[in-house]
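Trainee: Structure in structure tokens, see below.
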Amino acid sequence: MQEKENIPFVSIAVATFNGGKYLTQQLDTLVNQTYKNLEIIVSDDGSTDHTLETLKQYAEKYQNFFVYSNGEPHGVKRNFENALKHCKGTYIAFSDQDDIWMLDKIEKLVNNIGDAALIYHDSLFIDFEGNSLERTFQTNLNCYAGSDSRAFLFCNCVSGHALLFHRKMLDIALPFPEARHHDWWLAFRSADNGGIKFLDEVLVHYRQHPASQTDFLQLKTKKFNKKKVDKE
């Protein structure tokens with residue numbers, strides 16, 4: 001696949017590691033996106049469960065589905081970097097292994113990104129069984145839009161699972177620094193290199209686990225980004 005009829009080519013970069021329990025539910029929402037000019041690039045970080053077997057089954061079934069393996073664990077950040085090495089899209093989206101995407105997610109993000117370097121959306125928190133926790137990202141955070149990177153110096157409101165960015169950011173943001181979360185760093189650099197947009201729609205059900213690494217559900221609203229600015 002490639003650019004055609006002014007329809008940008010999109011890459012979905014998926015990072016997996018021992019995610020077999022919820023993986024098929026998420027993969028089904030990726031391969032059934034309403035936006036068809038896309039590829040799905042999966043980097044597996046040395047899974048020891050049936051994750052890799054499931055991924056290979058999808059790769060056999062779908063021509064735009066590609067699987068790469070690190071062989072042994074390198075961590076989430078480097079795993080996403082490995083996926084990015086294989087992405088050919090003009091726009092790139094990150095995907096976790098256990099969320100549930102709305103089927104029109106990519107279509108809506110592409111249609112709304114405009115000239116911005118990055119766009120992200122709201123998400124609904126669900127528990128590990130898939131039940132709504134009746135809270136979204138905006139419950140805890142004022143989601144920033146604009147071109148001032150200072151908004152990301154002390155706190156981040158952009159989660160990797162929710163963003164779509166222009167591939168020009170690969171040259172600007174990679175490699176991801178050790179001391180920063182990859183999504184926070186990407187948002188920080190994007191603000192100064194084209195700006196950020198926010199789409200006020202829930203496009204992902206964001207699964208939370210008892211030992212979840214994210215702290216978005218616990219965050220209190222921060223003062224630094226009280227206003228959404230520069231929406232175009």
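Trainee: Would you mind listing the strands (runs of 3 or more DSSP E) fully within segment 115-232 where at least 1 residues are closer than 25 Å to D98 by Cα and modelled with pLDDT under 85? Before you say what the answer is, go through the steps one by one.
Mentor: Working: elements: 118-126, 132-136, 163-166, 196-207.
Those strands (runs of 3 or more DSSP E) span 132-136.
Trainee: Now for a separate question. Among all residue pairs at least 6 apart or on different chains, which show Cβ distances below 6 Å where the first residue, located in segment 180-198, is touching a residue at least 40 places away in the same chain (Cβ under 8 Å) and the second is open to solvent by less than 50 Å² (accessible area, probe 1.4 Å) and of a type in the set (D, E, K, R)?
Mentor: These pairs meet every condition: H182/K77.
Trainee: Hey, does segment 105-112 have a residue that's open to solvent by less than 10 Å² (accessible area, probe 1.4 Å) and in a loop (DSSP other than H, G, I, E, B)?
Mentor: No, segment 105-112 contains no residue that is open to solvent by less than 10 Å² (accessible area, probe 1.4 Å) and in a loop (DSSP other than H, G, I, E, B).
Trainee: Taking segment 164-189 as the search range and keeping residues that are acidic (D, E) and surrounded by fewer than 15 Cβ atoms within 10 Å (Cβ to Cβ), which one is farthest from R78 (Cα to Cα)?
Mentor: Ranking the candidates gives D171 first.
Trainee: Tell me, which residue of segment 56-79 that is touching an Asp or Glu at 6+ places or on another chain (Cβ under 6 Å) and open to solvent by less than 60 Å² (accessible area, probe 1.4 Å) is modelled with the highest pLDDT?
Mentor: By that ranking, first place goes to N64.
Trainee: Mind counting the residues in segment 121-139 that are within 23 Å of A93 (Cβ to Cβ) and of a type in the set (D, E)?
Mentor: Here the count works out to 1.
Trainee: Only one of (1) aromatic (F, W, Y); (2) farther than 20 Å from I196 by Cα; (3) at pLDDT 95 or above is not met by Y91, so which one is it?
Mentor: (2)
Trainee: Please verify whether A93 is open to solvent by less than 10 Å² (accessible area, probe 1.4 Å) and either more than 16 Å from the chain's Cα centre (by Cα) or closer than 14 Å to L163 by Cα (or both), treating the condition exactly as stated.
Mentor: Working: open to solvent by less than 10 Å² (accessible area, probe 1.4 Å): yes; either more than 16 Å from the chain's Cα centre (by Cα) or closer than 14 Å to L163 by Cα (or both): yes.
It is true that A93 is open to solvent by less than 10 Å² (accessible area, probe 1.4 Å) and either more than 16 Å from the chain's Cα centre (by Cα) or closer than 14 Å to L163 by Cα (or both).
Trainee: Can I ask one more? Out of K108, K88, K56, K61, I need the residue that is basic (K, R) and out of contact with any strand residue (DSSP E or B) (no Cβ under 7 Å at 6 or more places or on another chain). Which one? Walk me through it before giving the result.
Mentor: On the way: K108 fails: out of contact with any strand residue (DSSP E or B) (no Cβ under 7 Å at 6 or more places or on another chain); K88 fails: out of contact with any strand residue (DSSP E or B) (no Cβ under 7 Å at 6 or more places or on another chain); K56 fails: out of contact with any strand residue (DSSP E or B) (no Cβ under 7 Å at 6 or more places or on another chain).
The conditions single out K61.
Trainee: Further, regarding this structure: State whether the residues of segment 9-18 include one that is part of a strand (DSSP E or B) and without any contact (Cβ under 8 Å) to a residue 60 or more places away in the chain.
Mentor: no
Trainee: Can I ask one more? Just the residues that are closer than 15 Å to I12 by Cβ and surrounded by fewer than 23 Cβ atoms within 10 Å (Cβ to Cβ), please, taken from segment 114-133.
Mentor: If the condition is that a residue be closer than 15 Å to I12 by Cβ and surrounded by fewer than 23 Cβ atoms within 10 Å (Cβ to Cβ), then no residue fits.
The values are calculated or read from the model by the stated rules, or taken from the named source; none is laboratory data. Model, not experiment: these values are computed from the prediction. All Cβ positions, glycine included, derive from the backbone under ideal geometry; neighbour counts span all protein chains shown. Note: areas computed on protein heavy atoms with side chains; ligands, DNA, RNA excluded. Shrake-Rupley method; radii C 1.70, N 1.55, O 1.52, S 1.80 Å.
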